[in-house]
């Protein structure tokens, strides 16, 4: 096993929640909707939508039926959406850029007349930040995210230490799973 994982950057939920407002502030003022790329991009777009009070949707529903979600209701057709503005296609991170390009092409083909589509990724690297219109933070490779670390192929080689479970800290109300002594 390579030593590559020992220097991986881990992005936790707390950092994501701190980074979202700064990221949202970089988007165009005329943003009228956020379109998330499945799966993690939908999660980031939803958090951004809450922060910006904007409708959110997944790219496949947007392409198929022109649907975005809003607070407490669903926009069912293009007539329900604002006439003019920018839709932002969102993903949590960018690696090769293939998914972003594929979904950008898909969404661009169905973009309502007079509207603009731009791309955004919350976490990029210095090498790929030019592949999107907007990005939040540069996080070098290798990296892992709290919301999908378990999906990484390399995670089968990781050993996770959960201090409160394996060996309870002194004074902790929790008992170790494997008592020592």
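At-a-glance table
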| read-out | value |
| --- | --- |
| Spacing of the two label points (7 Å from each Cα toward its C-beta) at residue 148 and residue 111, in nm | 2.3 nm |
| Gain on full stretching of the segment that runs from residue 50 to residue 29 - 0.36 nm per residue minus C-alpha separation | 6.0 nm |
| Length added when fully stretched, residue 22-residue 61, from 0.36 nm per residue minus Cα-Cα | 11.3 nm |
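Bear in mind that the values in this text are calculations on the coordinates, not laboratory data. For clarity, every value in this text was computed on a predicted model and none was experimentally measured. Cβ atoms come from the backbone with ideal geometry, glycine included; neighbour counts cover every protein chain shown.
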